[in-house]
Each structure stands twice: as structure tokens, then as C-alpha cells.
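No value in this document is a laboratory result; all are computed from the given coordinates. Quick caveat, the model's predicted, so the values are computed rather than measured. Methodologically, a virtual Cβ is constructed for each residue, glycine included, from the backbone with ideal geometry; neighbour enumeration extends over all protein chains shown.
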Amino acid sequence: MAKEWKKQIRQVEPYTPGEQPKEKDVIKLNTNENPYPPSPMVRKLLLHPDDLRLYPDPTAGALIESLADYHKVKKEQVFVGVGSDDVLAMAFMTFFNSTKPVLFPDITYSFYDVWAELFRIPYEQPPLDSAFRIRKEDYYRENGGVVFPNPNAPTGVFERLEVIEDILKHNQDVIVIIDEAYIDFGGVSALSLLDRYENLLVVRTFSKSRSMAGLRIGYAIGHPELIQALHDVKYSFNSYTMNRPALEWGVESVKDETYFRKTTERIIATRTWFGEELRKMGFSFPESKANFLFVTHERFAAKDIFEAAKKEKIYVRYFDKPRIDNYLRITIGTDEQMKLFLEFLKGYLADKAC
Ligand SMILES: *Cc1c(COP(=O)(O)O)cnc(C)c1O
């Protein structure tokens with residue numbers, strides 16, 4: 001007989017992150033990590049384990065100040081969290097409290113529907129068009145809020161600021177969250193719209209362009225009232241979300257603009273030549289402004305390539321989902337890694353062709 005207490009358990013279907021293989025010497029192109037190490041300034045700053053007996057600064061003051069300076073906004077406009085996943089979860093809880101549905105695309109970051117379910121937020125997912133672009137008119141209707149990444153994940157497609165502004169214009173009564181996890185790889189940030197739209201929240205992360213996925217730092221920038229609301233929720237939950245190493249190393253990373261530019265530009269250059277090589281082999285993909293390509297091939301099934309690559313210890317990402325189940329999301333690694341992947345592909349396609 002079903003136990004009565006089981007009815008008291010919150011039912012959730014959790015997000016499944018990309019695989020983190022245990023074996024060494026794999027080529028890991030499946031979770032959009034940066035192939036380059038964090039800035040030498042981060043590596044140089046030695047931390048003292050003795051300090052760990054003390055709680056960290058609950059206000060994350062130094063990190064917030066460095067981000068405010070960097071983005072030329074007020075301290076009161078910055079919120080930091082344990083990766084942007086933490087910031088986004090907090091933002092869903094804080095800003096999406098309507099009985100009307102929150103809107104986000106059908107093909108997008110697969111954490112959004114998980115949080116919506118977890119927090120019991122109604123939502124709808126207007127389909128992207130056949131080129132994986134947002135149809136802005138889909139966002140003209142009544143809703144409880146809007147959220148999407150720009151560039152989008154897992155497609156890499158970037159929407160121009162005119163599209164973002166148009167969506168903001170039509171949604172001034174709700175909070176609009178733009179998740180800019182990949183903005184540093186060639187996109188144009190919506191931060192410049194903050195002055196005109198106080199309902200805009202821009203979310204960023206140190207995980208991709210700053211090579212610090214393992215440290216867990218994310219942040220949001222918006223109107224001081226939005227940031228205050230996020231702080232109120234955060235302090236009602238856990239005051240000490242950011243650990244001491246994250247607070248200290250985060251500041252160091254922000255200081256090193258030269259290294260940041262060098263590594264992001266290198267990834268963009270690799271993306272360009274790697275993409276050209278893929279096209280020569282018959283792959284196609286939408287233009288990407290992220291550190292990955294979302295590719296498909298007319299004659300070879302994505303799932304089979306994914307499995308064959310894995311046998312060769314090359315990990316890419318495959319989503320067994322409607323509309324995208326013949327695509328692979330390939331993170332841009334070093335030139336060397338991409339060359340090895342191309343060699344694998346050449347062998348694979350030649351093998352299958354005969
Ligand atoms: C990677 C990613 C995040 C989360 O990154 P964190 O490591 O939690 O900062 C958020 N949104 C999108 C679209 C992502 O791809």
C-alpha cells in the first residue's frame with residue numbers, strides 16, 4: 001500500500017548536467033568549460049586555510065565592488081551568487097510570482113523548466129523558428145515574466161539588441177531576465193539597456209569566459225530595487241552562500257582584463273576555423289556567438305557520432321529532445337583538441353561512407 005507520507009514529498013524531475021567523466025586523458029567538449037586556465041593573477045593569489053574558520057563576508061562586498069567598477073554601475077545594482085545557476089534560481093523565486101505563465105523558448109537552457117516546476121511557476125515555451133531564432137511577437141502577450149539566454153543555449157544563436165529591446169518594450173509590467181552566460185564570445189550585452197528598462201535583469205557567470213566553473217561565481221545586474229529584492233530572498237535562505245576562496249579569487253579574475261580578452265579571442269578564432277572545417281565535411285550549424293557550435297549532418301545521425309566519439313574518449317553533448325535530437329553541441333576547446341576531434345570525424349565519416 002502506498003505510504004501516506006509519500007504524498008508530502010515534493011516531486012521534481014532534476015536537471016541533468018553534462019557528464020563529468022572520471023577517466024583521465026579525455027577530450028572534454030561537453031559542458032562548455034574554458035580550455036584555458038584562470039588568469040595568472042588568480043593562480044598567484046595564495047589563500048590561507050587558517051582563515052577558513054571564519055565565516056565569509058555575507059555581503060560579498062569586495063567582489064560586488066569590483067564587478068560594479070568593471071561594469072560601471074552602482075554597487076546597489078549588483079548581486080552575486082554561487083554560479084549563475086544559483087542567481088537564476090533565486091531570481092525565479094524572487095520575480096516570477098504570477099498566476100500568468102512565464103515565457104521562455106522551447107529550445108533553451110534546460111534548467112528553466114526545472115526551476116519553474118520546482119517553484120510551481122506556470123510557464124509556456126513559444127517555439128523558436130526553423131532557424132532557431134526567437135519570434136519576438138510570441139512575447140507580446142500577457143505573461144508572468146520572460147527569461148532566455150542571449151546567445152541562446154544550446155544553439156549559440158545571438159539575438160540583436162533591437163530584438164531584446166523590442167521584447168522589453170512589450171513587457172514593462174514584468175521582470176525580463178537575460179541570461180548572458182556566453183556574452184563574452186562575440187555578442188553585445190543588454191547592459192546598455194539598463195538605464196531605460198528598470199525591469200531588466202542581466203545575469204552573468206565566471207564559469208565560461210573566466211575559466212572558473214569550479215569556483216562557482218555568478219552575478220546579476222539590474223535596478224537597485226530588483227537587487228534589493230534578490231538580497232532579501234537570499235538572506236531569508238542562506239546568508240553565507242559565497243565561500244572565501246570564491247570571494248577572493250573572483251576579485252583577482254576581474255582585475256586581469258588583458259588575459260580575459262586574450263583567451264576569449266583565442267576561443268573565437270578557434271571557433272571560426274573549426275566551423276569552416278566542419279562545413280567542408282558537410283556539417284551545418286547556425287552562426288554561433290558562444291564557446292560552442294550546435295551542429296548537424298544530413299547523412300550521419302548525431303546520436304551515433306556522439307556514441308562513437310565517446311568510445312574514443314571524446315565527449316560532446318547530445319540532447320535526446322524534440323527538434324534537436326539530430327544535433328551535437330560541441331564546446332570549443334584548444335586548437336589541438338579541435339584538431340583531434342576533426343581527425344576522429346574524418347575517420348568516422350570515411351568509415352560510414354563505404
Ligand atoms: C552554463 C550556463 C549557466 C550556469 O552557469 P554557472 O556555472 O551556474 O554559472 C547558466 N545559463 C546558461 C545558459 C548556461 O549555459
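Taking other C-beta atoms within 10 Å as the exposure proxy, TRP115, TRP273 rank TRP273, TRP115 from fewest upward. For trypsin sites (Lys or Arg not before Pro), the sites in the stretch 159-249 that DSSP calls loop and that have at most 11 other Cβ atoms within 10 Å are ARG160, ARG196. Over what distance in Å are the Cα centres of the stretch 226-268 and the stretch 109-157 separated? The distance from the Cα centre of the stretch 226-268 to that of the stretch 109-157 comes to 25 Å. Under 16 Å of direct C-alpha separation, and excluding same-chain neighbours fewer than eight residues apart, LYS72 reaches these lysines: LYS255.
Cβ crowding within 10 Å, taken as a proxy for footprinting-reagent exposure, orders LEU88, LEU47, LEU342 from fewest neighbours to most as LEU47, LEU342, LEU88.
Quick check: residue separation of LYS311 and ARG133 times 0.36 nm, minus the Cα distance between them. What number comes out in nm? Numbers along the way, then the final one.
Working: separation 178, 0.36 × 178 = 64.08 nm, distance 3.35 nm.
Working it through step by step, the gained length comes to 60.7 nm.
Using the rule -39500 (n - 2.57) for each DSSP H run of four or more residues, divided by the residues of the chain, the 222 nm mean residue ellipticity is -10500 deg cm²/dmol. As a proxy for reagent exposure, ranking LYS346, LYS22 by other Cβ atoms within 10 Å from fewest up yields LYS22, LYS346.
Extension gain ALA301-PHE119, at 0.36 nm per residue separation less the Cα-Cα distance, in nm? Working shown, then result.
On the way: separation 182, 0.36 × 182 = 65.52 nm, distance 3.65 nm.
Net length gain for the segment: 61.9 nm.
Between ARG43 and ASN243, what length in nm is gained on full extension when 0.36 nm per residue of separation is reduced by their alpha carbon distance?
70.3 nm
Compute the longest continuous run of the chain that contains no exposed GluC sites (Glu not before Pro); treat a site as exposed when its DSSP state is not H, G, I, E or B and it has at most 11 other Cβ atoms within 10 Å. The segment 143-297 is the longest one with no such site.
The label point for LEU193 and the one for MET281, both projected 7 Å from the Cα toward the Cβ, are 3.6 nm apart.
Projected label points at LYS262 and LYS3, each 7 Å from Cα along the beta carbon direction, are separated by 5.8 nanometres.
Could you work out the Rg to Rh ratio of the chain, with Rh taken as the Kirkwood radius (inverse of the mean 1/r over all Cα pairs)? The Rg/Rh ratio comes out at 0.97. Each Lys and Arg contributes +1 and each Asp and Glu -1, all at the Cβ; summed about the Cα centre of the chain, the dipole is approximately 720 debye.
Other residues within the sphere of radius under 10 Å centred on the Cβ of LEU191, judged by their own Cβ, net out at 0 (K and R +1, D and E -1). Remark: spin-label model distance ASN326-GLN172 equals 4.5 nm, labels positioned 7 Å along the Cα→Cβ axis.
Cross-link list LYS311/LYS352; LYS208/LYS262; LYS28/LYS208; LYS169/LYS234; LYS303/LYS352: which exceed 20 angstrom alpha carbon to alpha carbon? Among LYS311/LYS352; LYS208/LYS262; LYS28/LYS208; LYS169/LYS234; LYS303/LYS352, the Cα-Cα distance tops 20 Å for LYS169/LYS234. A dipole drawn for the stretch 41-256 from +1 and -1 charges on Cβ atoms has a positive end, and of ALA190, SER84, LEU47 the residue lying farthest that way is LEU47. Give the Debye-formula value of log10 I(q)/I(0) at each listed q (0.08 Å⁻¹), with one equal scatterer per alpha carbon of the stretch 88-242, two decimals each. The computed values of log10 I(q)/I(0) come out as -0.21.
Rounded to the nearest 20 debye, the dipole magnitude of the stretch 175-224 is 220 debye, with +1 charges on Lys and Arg beta carbons, -1 on Asp and Glu beta carbons, and the Cα centre as origin.
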